[in-house]
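The numbers here are math on the coordinates, done by the rules we state, and not lab data. Because the structure is predicted, anything quoted here is derived from the model rather than measured. Please note: Cβ atoms are built from the backbone with ideal geometry, for glycine as well, and neighbour counts cover all protein chains shown.
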Amino acid sequence: MTVPGWLRSDKAAMPTVLLELDAVTSYGLVSAAPLATYLVSLAAAGWWADRRGPVPGVHRAEASRAGIDDIGGGVNLAARISVAAAGFEVLASVVTLESSRRRDLPADRRSVKLKGFSEPIDVASIGWR
């Protein structure tokens, strides 16, 4: 077999592995497979996200760090607010909005009953588009 110039190297492991396994002709296919899989999954995730839209919950509170996780009642409340959001809706607690510097606060406010909280929480929908 004729060895291509790019494959002649004594400083890298991959050329040696390719030659030993007689895999020079299939190397392009093997290295393209993960990329193709990634592109297909990225397209599918984009399609799904476009149909569902973002649903983050926004709440300002103190949190603690436990390893790589943020923990605390405020983190839990933000998660519960995100569950209450409909598709293509971003909800924020009214407490958070009122503590911000913005004065053009959303008018469409409502109270939602959230799991783990005894009192309803006032939230507002924030336009994101």
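Some observations on this one:
- Those chymotrypsin sites (Phe, Trp or Tyr not before Pro) in region 66-129 that DSSP places in a loop and that have at most 12 other beta carbons within 10 Å: Trp128
- The residue list Pro120, Ala32, Ala45 was ranked by how far each Cα lies along the charge dipole of region 13-129 toward its positive end, using unit charges on Cβ atoms, and Pro120 comes out on top.
- Quotient of the Cα radius of gyration of region 10-129 and 2.2 N^0.38 Å, N being its number of residues: 1.76.
- Percent of C-alpha pairs per 10 Å bin, region 57-126, short to long: 21, 51, 25, 3
- Dipole magnitude (debye, nearest 20) for region 57-126, charges at Cβ of Lys, Arg, Asp, Glu: 80 debye
- Distance between the modelled labels on Thr37 and Arg101, one decimal in nanometres: 4.7 nm (7 Å Cα→Cβ projection).
- Computed 3J(HN,Hα) for region 85-94, one whole-Hz value per residue from the Karplus formula 6.51 cos²θ - 1.76 cosθ + 1.60 where θ = phi - 60°, is 6, 8, x, 6, 10, 10, 9, 9, 5, 4, glycine and proline marked x.
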